Amino acid sequence: MAQYAIGDIQGCYKPFMQLLEVVDFNPSRDHLYLVGDVIARGQDSQACLDFLYHNQHAVSITLGNHDLHFLACVALNKDPNPKDKLENVFVSNKLPQYVALLRAQPLAVFLPEFDTFISHAGIHPDWSIPQAMEYALFAQQCYQSDEALSYYTNMYGPHPNQAINRLNTQDKFKAIVNVFTRMRFLDDKRQLNLNHKGPAHSAKVLRPWFKHERFNKDKTRYIFGHWAALEGKTNMNNVVALDTGCVWGGPMTMIDLQTSEYFSSK
Ligand SMILES: [Mn+2]
């Protein structure tokens, strides 16, 4: 059994299939961890969703901002952004199964056998692994609850600048979603800055979340996507950036969790 993590697929079905061919992926034997943003922006989101639906026993997805936005649009009866090229998904009679597939997924995964934490955007430097898993589960229970609609409505924008356990339920959900799906830079008060998207050294007072002391000492491996401008580089052995911008013309990147061997499409 081999286990792999793959960066943001974003509806890029062909490179995704190419990667699976390179390692001779076998869904009856192997497992895929997708770091989220499996749909939107690329040409073939529906083909990706069909593949993931039919192979869901062999796939775990840590949801990204695009995946959650899709769930929110369906729940709130909003049209998709034309940039996301999701029109065919929204009119498909398989829409309920796509929603069920994504809604069943977590925001974070921890694999003790590989001492590896996976989420779409990363982990807040002040959150331990057990805390992060507790927060991810809290948020998952929100979007899986009958009140999901109210959480989706309040999901967008910055959260209040307060300790997470002092926030009300709605804002706690927003804070957790922001960290796991939208975070890139933190300011000097370790608050998220959700506006800056450039390369790691492009901001003066802001630091990438993984450039905090905790990650230098930490033996745990952190795998994330979301930040194409990093071009797969963090300059840290234990922090693995897998979004190499496939949807923007770059390769799609995969790592074998056992051997740490990398594979690229194209
Ligand atoms: Mn993203």
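Restricting to region 22-45, and then to whatever is open to solvent by less than 40 Å² (accessible area, probe 1.4 Å) and farther than 22 Å from T259 by Cβ, can you tell me which residue is nearest to the ligand (Cβ to nearest atom)? This residue is D37.
Residues in region 220-261 that are of a type outside the set (D, E), within 19 Å of S60 (Cα to Cα) and part of a strand (DSSP E or B): R221, Y222, I223, F224, V240, A241, T253, M254, I255. The residue that is most open to solvent (accessible area, probe 1.4 Å), among those in region 76-99 that are in a helix (DSSP H, G or I) and in contact (Cβ under 8 Å) with a residue 24 or more places away in the chain, is K83. Selection within region 115-144: residues that are within 16 Å of the ligand (Cβ to nearest atom) and closer than 19 Å to Q3 by Cβ. The member of this set that is surrounded by the most Cβ atoms within 10 Å (Cβ to Cβ) is H120. Residue-level analysis places L19 outside the set of residues that are more than 16 Å from the ligand (Cβ to nearest atom), under 22 Å from A104 (Cα atoms) and surrounded by 22 or more Cβ atoms within 10 Å (Cβ to Cβ).
Residue check: is W248 within 15 Å of the ligand (Cβ to nearest atom), within 18 Å of the chain's Cα centre (by Cα), aromatic (F, W, Y) and farther than 26 Å from D24 by Cα? The answer is no for W248. Figure legend. Inter-residue proximity from region 223-241: first residues more than 19 Å from E261 (Cβ to Cβ), second residues among the acidic types (D, E) and within 12 Å of the ligand (Cβ to nearest atom), beta-carbon distance below 8 Å, spacing 6+ or different chains. Indicated pairs: H226/D8; H226/D37; H226/D243; W227/D243; A228/D8; A228/D243; L230/D243. No other residue among Y156, Y152 is within 16 Å of the ligand (Cβ to nearest atom), more than 17 Å from G122 (Cβ to Cβ) and not hydrophobic (A, V, I, L, M, F, W, C) apart from Y156. Of all residues in region 173-198, those that are over 18 Å from E231 (Cα atoms) have Cβ atoms under 6 Å from Cβ atoms of residues that are β-branched (V, I, T) and modelled with pLDDT of 90 or more, 6 or more apart or on another chain, in A175/I164. Residues of region 50-70 include none that is surrounded by fewer than 22 Cβ atoms within 10 Å (Cβ to Cβ), of a type in the set (A, V, I, L, M) and farther than 26 Å from P251 by Cβ. Checking each residue in region 1-15 for being within 16 Å of the ligand (Cβ to nearest atom) and touching a Leu at 6+ places or on another chain (Cβ under 9 Å) picks out A5, I6, G7, D8, I9, G11.
The values are calculated or read from the model by the stated rules, or taken from the named source; none is laboratory data. Bear in mind the structure is a predicted one, so any value in this text is a computation, not a measurement. Quick reminder, even Gly has a Cβ in these numbers, built from the backbone with ideal geometry, and neighbours come from all protein chains shown. Side chains are part of the model used for accessible areas, which takes the heavy atoms of the whole protein and leaves out ligands, DNA and RNA. Shrake-Rupley method; radii C 1.70, N 1.55, O 1.52, S 1.80 Å.
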